[in-house]
Amino acid sequence: MTERLAVNKTYKQFIGGAFERSESGRSYPVVGAGGELLAHAVQGSRKDVRDAVAAARSAQGGWAGRTAYNRGQILYRVAEVMESRRDEFAAEVARAGDGCDHSAAAAETAAAIDRWVWYAGWADKFATVLGGVNPVAGPYFNLSVPEPVGVVGIVAPDEPPLLPLVSRLAPVIVSGNTAVVLASERGPLAAVTLAETLALSDVLAGVVNIITGRRDELVPPLADHAAVDSLDISGCDSQQSANAARQAAATITRVVSASAAEQQWAAEAAQSPYLIDAFCETKTVWHPKGR
Amino acid sequence: MTEPSASGGKLAPTGELSLDYAPAPESIAPVRLASQYGLFVGGEMLEPVRERLAPTVNPATGEVLAEVSVADAADVDRAVAAARSAWEGGWRDLPGAERAKYLYRVARLLQERAREFAVLETMDGGKPIRESRDVDVPLAAAHFFYYAGWADKLDYAFSGRRAAPVGVAAQVIPWNFPLLMAAWKLAPALACGNTAVLKPAPTTPLTALLLTEVLRDAELPAGVVNIVTGDDATGAALVSHPGVDKVAFTGSTEAGRVIGAEVAGTGKRLTLELGGKAANIVFEDAALDQVTEGIVNGIYFNGGQVCCAGSRLLVQESVADAVVGKLRRRMDTLRVGDPLDKNTDIGAINSQAQLDRIAELVASGVAEGAELYSPPCELPDRGFFHPPALFTNVSTAHRIAREEIFGPVLSVLTFRTAAEAVAKANNTPYGLSAGIWTEKGSRILWMADQMQAGVVWANTFNRFDPASPFGGYRESGYGREGGRSGLLPYVGLVA
């Protein structure tokens, strides 16, 4: 009897709800803590970034058009599906190459799941906390509401591979934004596995798009894209950040980056309704009162 | 609306009603101008910088009102240092209740000297005295009063977070609402415990300089507010100064791009309030007489030199002729001329450069085939004036339908369905404001949801209030001024 040979997973990008290789046909080796080959991840191209932005743009109206209750249930569903695959995520995180042991990986996975639950509950509450009626000095009804900014580009922090990604993604999509995520360059595999859970969680196709590959190649076309309304550069180094912000300025794109407190990923400070607000526009509507 | 009858007034040759008004000029007696002004740094009005002076002109007459100093990089450096030292030397640690009292004092002093500020604003900027008296100055005082109240209540503003001041704010403001923009910038910055260096626009520095007397009389600690007059180079030196923690800019989208690139990678916080090309959307069931007044207020308020001006009229096809007819008749009664006259509806254009830009865009509208209407009106023989203008037969591709004109020029387009109105309204890179006119409540709410704009006025237009957030989507900028949202640019949220 020979030992059963494992079936290895092909890690693809996630664009418009489909798992695809790069149009460029390229891949790059992803290695574990001991230097062993884990997989060949897709080395995405600028064309892939553009396709992902197009998918995110066309999905945005439909996602924002869902009721807040529905978006909340879908985010909660992500947590449910992740929970059922906890061991798989923990193993993925442990193998990612940042030398974290199994219990740390399990803790990170649990924190990531809990973060989805936390933001799921905000879906139908953040507008109450962030918006409201403004008592203007005149006979007018005046109401401010936060609305999703549109398409958000997220450069995910490099490590750890899962919790920071979820911490930046969940507050972006809960309000009705869609996202193009550049996964961790060193450890992209957990992001792809997350994409598989998103695909099973009623998250509409194109709401989350995940590109893997080289930051230096992928950040510029994302920062430059006129259809990207806001950019989270938490995963950029200082040079990449400065360049991305300079590019973003040309289209008045809002640039956001995780504060030092928010980078304590497991801490309470890493989650906030004001992080939802950072990817929203405040709309204020006036109407006269009269008999 | 009934047609004017011969008995209602004297008939002009066109058959239209003509209303003659005696001049009703506001007295300029309350205004005492110096011939030259220095910079306001560290609580002192410095001596004028004699080798670098620039005139500020009354746009209604072309006369020089005074000369102001043009701050260079060294002057800016001194102002930022004064702001830094005031911040570290006490302002950031002052109890909110004490900061509040300074701001309340400023509000009260502005109210007490309101007439003087209003007259000076009109002299320096050209806007009708009716507007500076009834809108700019009262709202400026109201902003200080409103944010004064926040200064000791910041712990209640953001759930689960403490609001910490940011440091030194660099604030660059435009010429269309000079004092009001200074108030919009300074009041929230100071309330949140920051200090500021404010740079007024080159053509309208005088009310900001007069504000220094108010700050002095309020006994505001030295260096909490510093005012550097000057040109674009002054603004660039301020925005790029490494001692600045936060940059707030109101002005053109083009300048916003430059500032965004300048600030990139520095860690400075940035908010931008930029241009607009607002759609004012009229449905067939709207109250058309109210609509007419709303359209006029939307585009001719401050001569259209307003970033949120309702410069694109989208009117439902079935009532387009009726609306344009009413609008033309109303335009015929607008009084253009001396901004100091209390009857004036449209005052002077702020500068020759702005008048040239308006004229150039109006010429492009005619050249591209749109139909121009301007009422017959006599413009003053000096100063910078432009008659109210209305373009029909406008296509979405015309420059006058796409570019911000910043003048009293309205472009009329039509639509058939609500979906088409939404598509046309959002067909612009800007997203500052929008207007909706209909008597149907559900349609108002649906349309308001569809608008890619930070402020939506339904059955009204151009309303402002310190409690109401103001600011744009897309290329109209980011960040809000006014309301609780207006605190956010000036605080760091700490868990």
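The values are calculated or read from the model by the stated rules, or taken from the named source; none is laboratory data. Keep in mind that this is a model prediction, so the values were computed, not measured. Heads up, the Cβs are rebuilt from the backbone with ideal geometry, glycines too, and the neighbour counts pull from every protein chain shown.
What about B:Glu371, is it farther than 26 Å from B:Glu131 by Cα and touching a Ser or Thr at 6+ places or on another chain (Cβ under 7 Å)? Judged against the criteria, B:Glu371 is a match.
Scanning the range A:36-45 for residues that are part of a loop (DSSP other than H, G, I, E, B) and over 12 Å from A:Arg95 (Cβ atoms) yields a count of 3. Does B:Leu340 qualify as being away from every other protein chain (no Cβ under 14 Å), closer than 19 Å to B:Thr396 by Cα, buried (at least 16 other Cβ atoms within 10 Å of the Cβ) and in contact with a strand residue (DSSP E or B) (Cβ under 9 Å, 6 or more places away or on another chain)? When the stated conditions are applied, B:Leu340 does not pass them.
In the range B:317-329, the residues that are within 15 Å of B:Asn393 (Cβ to Cβ) form Cβ pairs under 9 Å with partners that are charged (D, E, K, R) and not in a helix (DSSP H, G or I), at six or more places apart or across chains, as follows: B:Glu317/B:Glu284; B:Glu317/B:Arg416.
Residue by residue, here is whether (1) in contact with a Leu (Cβ under 8 Å, 6 or more places away or on another chain); (2) away from chain B (no Cβ under 14 Å) holds:
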| site | (1), (2) |
| --- | --- |
| A:Glu196 | no, yes |
| A:Asp202 | no, yes |
| A:Gly206 | no, yes |
| A:Gly213 | yes, yes |
| A:Asp216 | no, yes |
| A:Leu222 | yes, yes |
| A:Cys236 | no, no |
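In the range B:410-429, is there at least one residue being outside the structural domain of B:Glu254 (by TED's automatic domain parsing), crowded, with 22+ Cβ neighbours inside 10 Å and in a helix (DSSP H, G or I)? For the range B:410-429, residues outside the structural domain of B:Glu254 (by TED's automatic domain parsing), crowded, with 22+ Cβ neighbours inside 10 Å and in a helix (DSSP H, G or I): present. Could you count how many residues in the range B:267-285 are more than 16 Å from B:Pro489 (Cβ to Cβ), surrounded by fewer than 22 Cβ atoms within 10 Å (Cβ to Cβ) and either of a type in the set (S, T, N, Q) or in contact with a helix residue (DSSP H, G or I) (Cβ under 8 Å, 6 or more places away or on another chain) (or both)? Adding up the residues that qualify gives 1.
Here B:Ala264 meets the list (1) buried (at least 22 other Cβ atoms within 10 Å of the Cβ); (2) within 14 Å of another protein chain (Cβ to nearest Cβ) almost entirely, failing just condition (1).
Among the candidates A:Ala96, A:Ala111, A:Ala90, A:Ala59, the residue that is more than 16 Å from A:Asn177 (Cβ to Cβ), within 17 Å of the chain's Cα centre (by Cα) and crowded, with 18+ Cβ neighbours inside 10 Å is uniquely A:Ala111.
The residue of the range A:119-138 that is farthest from the other protein chains (Cβ to nearest Cβ), among those that are in a helix (DSSP H, G or I) and surrounded by 17 or more Cβ atoms within 10 Å (Cβ to Cβ), is A:Ala120. For the range B:404-424, a residue qualifies if it is farther than 14 Å from B:Pro388 by Cα, of a type outside the set (Val, Ile, Thr) and out of contact with any Leu (no Cβ under 8 Å at 6 or more places or on another chain), and the qualifying residues are B:Glu404, B:Arg416, B:Ala418, B:Ala419, B:Glu420, B:Ala423.
Looking at the range B:22-42 only, could you name the residues that are closer than 25 Å to B:Ala82 by Cβ and more than 27 Å from the chain's Cα centre (by Cα)? Within the range B:22-42, B:Gly42 is the sole residue that qualifies. Listed by position, the strands (runs of 3 or more DSSP E) inside the range A:183-291 whose residues that are in contact with a helix residue (DSSP H, G or I) (Cβ under 6 Å, 6 or more places away or on another chain) and buried (at least 20 other Cβ atoms within 10 Å of the Cβ) number at least 3 are A:208-211.
Annotation: B:Gly325 fulfils all but one of (1) in contact with a helix residue (DSSP H, G or I) (Cβ under 7 Å, 6 or more places away or on another chain); (2) not in a loop (DSSP other than H, G, I, E, B); the unmet one is (1). For the range B:228-248, the count of residues that are in the same structural domain as B:Ala100 (by TED's automatic domain parsing), within 19 Å of B:Arg474 (Cβ to Cβ), surrounded by 22 or more Cβ atoms within 10 Å (Cβ to Cβ) and modelled with pLDDT of 95 or more is nonzero. Scanning the range B:126-170 for residues that are acidic (Asp, Glu) and out of contact with any Asp or Glu (no Cβ under 8 Å at 6 or more places or on another chain), we see that the one that is farthest from the other protein chains (Cβ to nearest Cβ) is B:Asp152. Of all residues in the range B:343-372, how many are surrounded by fewer than 16 Cβ atoms within 10 Å (Cβ to Cβ) and under 21 Å from B:Arg330 (Cα atoms)? The qualifying residues number 2.
Here's the yes/no breakdown for (1) closer than 30 Å to B:Pro388 by Cβ; (2) free of Cβ contacts under 8 Å to residues at least 40 places away in the same chain; (3) within 13 Å of chain A (Cβ to nearest Cβ); (4) part of a helix (DSSP H, G or I):
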{"position": "B:Gly260", "(1), (2), (3), (4)": "no, yes, yes, yes"}
{"position": "B:Gly275", "(1), (2), (3), (4)": "yes, no, yes, no"}
{"position": "B:Gly298", "(1), (2), (3), (4)": "yes, no, yes, yes"}
{"position": "B:Asn302", "(1), (2), (3), (4)": "yes, no, no, yes"}
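Residues of the range B:430-461 that are within 10 Å of chain A (Cβ to nearest Cβ), in a loop (DSSP other than H, G, I, E, B) and not hydrophobic (A, V, I, L, M, F, W, C): B:Tyr430, B:Gly431, B:Gln452, B:Gly454, B:Asn459, B:Thr460. The set of residues in the range A:151-166 that are of a type outside the set (A, V, I, L, M), surrounded by 24 or more Cβ atoms within 10 Å (Cβ to Cβ) and either within 14 Å of chain B (Cβ to nearest Cβ) or closer than 16 Å to A:Ala244 by Cβ (or both) contains only A:Gly153. Just one residue in the set B:Gly265, B:Gly230, B:Gly243 is over 20 Å from the mean Cα position of the chain (by Cα) and touching a residue at least 40 places away in the same chain (Cβ under 8 Å); that residue is B:Gly243.
For the range B:288-302, the criterion of a residue being over 23 Å from the mean Cα position of the chain (by Cα) and of a type outside the set (S, T, N, Q) is satisfied by at least one position. So, B:Pro489, is that one more than 8 Å from every other protein chain (Cβ to nearest Cβ), in contact with a strand residue (DSSP E or B) (Cβ under 6 Å, 6 or more places away or on another chain), closer than 24 Å to B:Tyr147 by Cβ and modelled with pLDDT of 95 or more or not? Yes: the conditions hold for B:Pro489.
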